[in-house]
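Scroll down for the structure; my scribbles are underneath it.
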Amino acid sequence: MRRSVSAAIFIALAVLGVAALGAKNSAVAAQQKAQNAEVKIDNFSFGPAALTVPVGSAVTWTNHDDIPHTVVSTDDPKAFKSKVLDTDEKFSFTFTKAGTYAYFCSIHPKMTGKVIVQ
Amino acid sequence: MAGRTKDELLHDHNHDGVDRRGFLKCMAWAGTGAFCVIRGGVLRSYAFSRLPALDPKEMAGELSFAQISDSHMGFNKAANPDVAGTLKAAVDKVNGLAVAPEFLLHTGDISHLSKPEEFDAVQQILKAAKPQDVFYVPGEHDVLNDDGQQFRDRFGKGSKGAGWYSFDKKGVHFLGLVNVMNLKAGGLGSLGHEQLEWLEDDVKHLKHSTPIVVFAHIPLWSVYPEWGWGTEDSAQALSYLKKFGSVTVLNGHIHQTMQKVEGNVTFHTAASTAFPQPAPGKADSPGPMKVPAEQLKSVLGITDVNFVRGKQALGVVDSTLE
């Protein structure tokens with residue numbers, strides 16, 4: 001009887017331990033998945049035009065064009081809105097919620113892009 | 001059209017009044033010192049060398065004004081590191097016109113980044129122009145960060161909404177329109193409902209014989225939608241002007257001269273005083289186009305406009321800075 005109780009306790013603890021370990025692994029995995037991603041602005045376009053990133057990622061847009069551009073969410077209310085970016089200026093935004101975030105350049109509205117956050 | 005010459009509308013393949021071969025030829029010449037005139041609906045071109053021989057009456061009129069555009073004060077990249085210098089050259093050109101313009105129209109992108117010092121610099125340089133009255137409309141570069149508040153504070157006295165207004169000079173009715181606000185993703189220039197209603201009302205009681213001049217930054221005709229070179233709701237604006245015998249539309253934004261005649265409407269875009277941009281579709285994107293330094297002034301320019309009572313259209317003449 002004592003042995004089976006001990007075995008049961010052992011198994012329970014083992015299961016708890018594995019569960020805890022598993023949970024810790026998931027947390028570590030989630031932190032690893034969130035990344036820093038880049039979008040290059042050049043020649044009146046966003047590259048890549050469609051970017052997929054995990055939740056929690058920070059995306060940085062850098063203007064390599066010789067004309068200023070902006071990065072403005074098309075959602076209402078706007079999820080994000082950069083100031084005017086002259087050549088070599090950057091804008092960063094961290095996506096904390098999943099979803100598809102369409103944006104455009106408010107100065108040159110034909111320039112569009114999206115960030116897909118999963 | 002009687003008395004056809006080589007330069008008149010000949011090849012109207014698309015039946016829209018546009019002789020593309022004619023004005024492409026004209027545009028090519030413009031780079032080497034010629035300009036194109038639309039008078040009485042007919043496109044003519046003159047080489048600079050012929051100018052001294054021309055009858056000044058052909059060039060003069062009852063009302064003379066000049067259009068400058070896209071000074072982009074604050075731009076300093078390779079395509080033109082000295083936009084102040086080329087703007088000064090444009091002022092010299094204006095001051096050198098045979099018939100002194102009575103005032104200037106600036107069709108926008110006055111500044112490059114909507115900075116106060118950029119607007120200041122342009123106003124300072126324009127103080128040297130003989131015509132001291134300047135009428136401005138904003139470009140998209142003039143309304144960054146503040147929805148155009150700074151622009152209206154400086155240049156918008158008496159204007160409505162985002163900065164539109166009208167005025168009269170010697171019986172010609174001028175309309176300054178704003179089509180660079182509230183631009184939608186993937187869209188073109190936009191006038192908006194409020195401005196269109198104002199426009200309809202503003203011209204409602206004018207006689208059909210009143211010559212009309214409309215000036216706005218982004219072209220009010222579809223030059224090249226892929227690059228945003230057009231205005232979504234311009235057709236509605238033009239419908240309110242259908243009754244007039246002479247409508248001249250002056251725009252900027254595309255940094256090159258282009259002309260089109262469509263019935264009673266003459267559309268004209270001006271060169272920039274700062275830097276040229278590629279012809280539609282001739283490059284990946286409509287950005288600043290680099291040319292050899294010695295050629296820069298030949299691709300920048302001003303536009304001289306003359307109204308002669310009795311002629312259907314205003315005489316619109318582009319000249320380069322060199």
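Filtering segment A:82-95 down to residues that are within 14 Å of chain B (Cβ to nearest Cβ) and assigned to a loop (DSSP other than H, G, I, E, B), which residue is farthest from residue A:106 (Cα to Cα)?
So the residue we want is A:88.
Among the residues of segment B:59-81, which ones are out of contact with any Ser or Thr (no Cβ under 7 Å at 6 or more places or on another chain) and either outside any loop (DSSP other than H, G, I, E, B) or within 16 Å of residue B:128 (Cβ to Cβ) (or both)?
Within segment B:59-81, B:59, B:63, B:64, B:65 meet the criteria.
Taking the options B:87, B:113, B:97, B:144, name whichever one is over 24 Å from residue B:231 (Cβ atoms) and assigned to a loop (DSSP other than H, G, I, E, B).
Just a single option satisfies the conditions, and that option is B:97.
Take the residues of segment A:96-118 that are within 10 Å of another protein chain (Cβ to nearest Cβ) and among the β-branched types (Val, Ile, Thr): which is farthest from the chain's Cα centre (by Cα)?
Checking each candidate, the answer is A:107.
Test of understanding: among B:256, B:277, which residue is at pLDDT 95 or above and touching a Gly at 6+ places or on another chain (Cβ under 9 Å)? Before you say what the answer is, go through the steps one by one.
On the way: B:256 fails: touching a Gly at 6+ places or on another chain (Cβ under 9 Å).
Criteria check complete, one pass: B:277.
Against the condition at pLDDT below 95 and either surrounded by 10 or more Cβ atoms within 10 Å (Cβ to Cβ) or not hydrophobic (A, V, I, L, M, F, W, C) (or both), how does residue A:33 come out, does it pass?
yes
Counting only residues that are polar (S, T, N, Q) and under 17 Å from the mean Cα position of the chain (by Cα), which one in segment B:151-183 is nearest to the other protein chains (Cβ to nearest Cβ)?
B:179
Being surrounded by fewer than 17 Cβ atoms within 10 Å (Cβ to Cβ) and away from every other protein chain (no Cβ under 14 Å) is the filter; apply it to segment B:258-290 and report the residue that is farthest from residue B:240 (Cα to Cα).
Here the answer is B:279.
Restricting the search to segment A:41-53, which residues are assigned to a strand (DSSP E or B) and either surrounded by 16 or more Cβ atoms within 10 Å (Cβ to Cβ) or among the charged types (D, E, K, R) (or both)?
Result: A:41, A:42, A:45, A:46, A:51, A:53.
Would you check if residue B:186 is more than 14 Å from the chain's Cα centre (by Cα) and either surrounded by 14 or more Cβ atoms within 10 Å (Cβ to Cβ) or within 14 Å of another protein chain (Cβ to nearest Cβ) (or both)?
Yes.
If you take the residues of segment B:189-198 that are surrounded by 17 or more Cβ atoms within 10 Å (Cβ to Cβ) and on the phi < 0 side of the Ramachandran plot, which of them is farthest from the other protein chains (Cβ to nearest Cβ)? Full working, then the answer.
So in segment B:189-198, the residues surrounded by 17 or more Cβ atoms within 10 Å (Cβ to Cβ) come out as B:189-192, B:195-196, B:198.
Checking which are on the phi < 0 side of the Ramachandran plot leaves us with B:189-191, B:195-196, B:198.
Numbers: B:189: 9, B:190: 9, B:191: 15, B:195: 18, B:196: 19, B:198: 23 Å.
Here the residue is B:198.
Any residue in segment B:75-92 that's at negative phi and within 11 Å of chain A (Cβ to nearest Cβ): show its pairings with residues that are crowded, with 17+ Cβ neighbours inside 10 Å and not in a loop (DSSP other than H, G, I, E, B) at Cβ separation under 6 Å, as long as the two are six or more apart or on different chains.
B:75/B:83
Out of the residues in segment A:54-81 that are within 12 Å of the chain's Cα centre (by Cα) and buried (at least 19 other Cβ atoms within 10 Å of the Cβ), state the one that is farthest from the other protein chains (Cβ to nearest Cβ).
In this case the residue turns out to be A:57.
Confirm whether residue B:310 is away from chain A (no Cβ under 14 Å), touching a residue at least 60 places away in the same chain (Cβ under 8 Å), farther than 29 Å from residue B:73 by Cβ and surrounded by fewer than 16 Cβ atoms within 10 Å (Cβ to Cβ).
No, not satisfied.
The values are calculated or read from the model by the stated rules, or taken from the named source; none is laboratory data. Note that the coordinates shown come from a computational prediction; the quantities given were computed from them, not determined experimentally. Neighbour counts run over all protein chains shown; Cβ positions are idealised from the backbone, glycine included.
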